[in-house]
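*Asks:* Okay, handing you the structure first.
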Amino acid sequence: MACFLVPTAEAIVTTAITKVEEKKEKSAPVEKSESTGVAKVSLARKLRWLNYLLFGGAILLAFEHLWHGEVVPYFPFLTAAANSEDTATMLHEMSTVGVSMALLITAVWVIMCITADVMARRENRRLSAVTVQK
């Protein structure tokens, strides 16, 4: 009914964190240079990946709920908010399904970040080996 609101809330929070991190990275002294060829994925970029995953999933879920008539374009917008029994069911769904979806998306993102870091380390080793051979 409203499970898409939980990943949406997480996406809004991570968007704010991303903006702060981008400002930090722009104002911080550059620790890597283009000439050294050091590969690294910034935290702001990784957070943007998480935002894309969360917002994309939330938009698809919102469309699905709209399609099934659970979300309507007039107040109270969520059909489950019309009476207290449905509201209790909606809140239960948000706390179980919504939270588990947000956690799963975040877990996938963590795996993506670890994989990106491993790939960057391998690339750095490869680049350093090529530089030593020259």
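*Asks:* All other residues with a Cβ under 15 Å from the Cβ of A81 taken together, and with Lys, Arg as +1 and Asp, Glu as -1, what is their net charge? Before the final figure, lay out the partial values.
*Replies:* On the way: positive: none; negative: E70, E85, D86, E93.
Net charge in that neighbourhood comes out at -4.
*Asks:* With Cβ to Cβ distances under 15 Å as the rule, what net charge do the other residues near L91 carry (K, R +1; D, E -1)? Numbers along the way, then the final one.
*Replies:* Working: positive: none; negative: E70, E85, D86, E93.
Here the charged neighbours net out to -4.
*Asks:* May I ask you to order 112-118, 3-9 by the average number of other C-beta atoms within 10 Å around their residues, highest value first? Mind showing how you got there, number by number?
*Replies:* Values: 112-118: 13.1, 3-9: 21.6.
Per-residue mean Cβ counts within 10 Å order the peptides as 3-9, 112-118.
*Asks:* Further question: For L78, what residues show an amide H to amide H distance below 5 Å, using hydrogens built from the backbone and excluding near sequence neighbours?
*Replies:* Answer set, sorted by chain and number: V72.
*Asks:* I've got another one for you. So how strong a dipole does the chain carry about its Cα centre when Lys and Arg Cβ are +1 and Asp and Glu Cβ are -1, to the nearest 20 debye?
*Replies:* Using Cβ point charges on Lys, Arg, Asp and Glu, the chain gives about 1220 debye.
*Asks:* Then there's this: Given the C-alpha atoms of the range 58-123, compute the convex hull and give its volume per residue in Å³. Spell out each step's value before the answer.
*Replies:* On the way: hull volume 5.9 nm³, N = 66.
Dividing the Cα hull volume of the range 58-123 by its residues yields 89 Å³.
*Asks:* Can you return the aspartates and glutamates within cross-link range of K40? Criterion is Cα-Cα under 18 Å, with same-chain partners fewer than 8 residues away left out.
*Replies:* Here the aspartates and glutamates satisfying the reach criterion relative to K40 are E21, E22, E25, E31, D117, E123.
*Asks:* Right, here's the next one. Given an 8 Å cut-off on Cα distances and at least 6 residues of separation, report the relative contact order of the chain as a percent. Intermediate results must be reported in sequence, preceding the final value.
*Replies:* Working: 108 pairs, mean separation 55.5, N = 134.
Once divided by the residue count of the chain, the mean separation gives 41 percent.
*Asks:* Would you compute, from DSSP H runs of 4+ residues alone, the mean residue ellipticity of the chain at 222 nm, taking -39500 (n - 2.57) per run and dividing by the full residue count, rounded to the nearest 500?
*Replies:* About -24500 deg cm²/dmol.
*Asks:* Now for a different question. Ratio of the chain's C-alpha Rg to 2.2 N^0.38 Å, to two decimals? Don't skip to the end; give the middle numbers.
*Replies:* Values: Rg = 20.8 Å, N = 134, 2.2 N^0.38 = 14.1 Å.
Scaled against compact globular proteins, the figure is 1.47.
*Asks:* Pick out, from M119, A102, L66, the residue whose Cα sits farthest towards the positive end of the charge dipole of the range 46-125, with +1 on the Cβ of Lys and Arg and -1 on the Cβ of Asp and Glu.
*Replies:* Positive-end residue among those listed: M119.
*Asks:* GluC sites (Glu not before Pro), restricted to the range 4-112: which are DSSP loop and have at most 13 other Cβ atoms within 10 Å?
*Replies:* Working: sites: E10, E21, E22, E25, E31, E34, E64, E70, E85, E93; in loops: E31, E34, E70.
Hits after loop and neighbour filter: E31, E34.
Just so you know, all these numbers are worked out from the coordinates, no wet-lab data involved. Just so it is clear, the model here is predicted, and its values are computed rather than measured. So basically every Cβ, Gly included, is an ideal-geometry build from the backbone, and we count neighbours across all protein chains shown.
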